[in-house]
Each structure stands twice: as structure tokens, then as C-alpha cells.
Amino acid sequence: MSFQAYIDNIKTKTGKTPEELKIAAEEAGVYHPEMKATQLVDFLAEKFDLGRGHAMAIWAVFKAEGWVKGPK
């Protein structure tokens with residue numbers, strides 16, 4: 001499965017794009033640029049019933065977009 005197909009499956013399941021998931025995390029007070037992957041994974045599991053693999057795909061988008069700081 002391609003990465004884009006993974007993201008498309010997440011949109012189908014949650015009804016949200018990665019950008020909309022970022023907004024949801026902001027509104028929930030979870031998002032900040034220094035957040036750790038586990039914080040996002042836990043939020044996405046609780047709020048959107050996403051499994052770890054799907055949540056880590058969203059984390060990859062967060063990193064690629066520069067929304068979170070990568071490892072130094």
C-alpha cells in the first residue's frame with residue numbers, strides 16, 4: 001500500500017485530512033511544536049480510534065510539514 005493510500009484510508013475512517021487532524025489536536029490542547037509522537041498517537045487513538053500504524057503515518061505528515069520538530 002502506498003503512503004498516499006494510507007492517508008486516504010485515514011481520511012475515510014476519520015473524515016479528516018492531516019491538516020484537519022492538526023486543527024483537532026490544537027483545539028484539544030494536545031498539539032505543540034515540541035510534542036512527542038506518543039502524545040499524538042494517544043490523542044488519535046482516543047478521539048478518532050486510529051491504530052498505531054495510522055497514527056504514525058499522521059506523525060510522519062506532521063514531521064514532513066514541519067509542524068513538529070524532528071530529532072536533533
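Throughout, read-outs are computed from the coordinates displayed, never taken from laboratory work. This is a predicted model, so every value here is computed, not measured. Methodologically, a virtual Cβ is constructed for each residue, glycine included, from the backbone with ideal geometry; neighbour enumeration extends over all protein chains shown.
The set of residues in segment 35-72 that are over 14 Å from T17 (Cα atoms) and either in contact with a Cys (Cβ under 8 Å, 6 or more places away or on another chain) or not in a helix (DSSP H, G or I) (or both) comprises M35, K36, D49, G51, G66, W67, V68, K69, G70, P71, K72.
Scanning segment 37-50 for residues that are of a type outside the set (S, T, Y) and either exposed (fewer than 12 other Cβ atoms within 10 Å of the Cβ) or touching a residue at least 40 places away in the same chain (Cβ under 8 Å) (or both) gives E46, D49, L50.
Among the residues of segment 1-34, how many are touching a residue at least 40 places away in the same chain (Cβ under 8 Å) and part of a loop (DSSP other than H, G, I, E, B)?
Total meeting the criteria: 0.
Residues that are touching a residue at least 40 places away in the same chain (Cβ under 8 Å) and among the charged types (D, E, K, R) within segment 55-69 comprise just one, E65.
Here's the yes/no breakdown for (1) more than 17 Å from E65 (Cβ to Cβ); (2) among the aliphatic types (A, V, I, L, M):
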| position | (1), (2) |
| --- | --- |
| K13 | yes, no |
| Y31 | no, no |
| A37 | no, yes |
| L40 | no, yes |
